[in-house]
Amino acid sequence: MTTTKQSTIFTGLVLAAALLAVNPGSVHAVTAPVAGTFAFDLYDIAVNDLVKGPVGFIGGVFGMIAAAVLLMRQQLLPAGATVLGSGLLLKADSVVASMGALIF
């Protein structure tokens with residue numbers, strides 16, 4: 001067998017194993033904790049006070065300014081990634097409420 005054929009077979013086997021490992025019946029979305037539940041204080045400080053508060057807003061604005069500087073330097077890929085990250089930081093409350101985490 002040639003190395004190209006071997007790598008194609010190996011890639012196919014890895015992809016098949018990855019697809020077979022996913023069991024959609026056991027996936028549960030995690031919702032934001034409510035007052036009195038486990039780790040609510042940690043969530044409240046990290047998300048509500050920092051990310052959704054003034055620290056997250058300042059970080060998002062700083063990221064947009066950094067992206068503008070990167071665009072002026074003709075660094076398009078880092079500028080795009082910075083804009084994406086800053087936009088997620090500025091709209092973190094919507095992202096946290098809509099995405100959640102997945103537990104397998």
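Read-outs: derived from the displayed coordinates by stated rules, not from any lab. This structure is a prediction, so every number in the text was calculated from the model and none was measured. FYI the Cβ positions are ideal-geometry reconstructions off the backbone, even for glycines, and counts take in every protein chain you see.
Exposure proxy for LYS91, LYS52: other Cβ atoms within 10 Å of each Cβ, ordered fewest to most, give LYS91, LYS52.
Packing around the peptides 60-71, 3-14, 38-49, taken as the average count of other Cβ atoms within 10 Å per residue, puts them in this order, highest first: 60-71, 38-49, 3-14.
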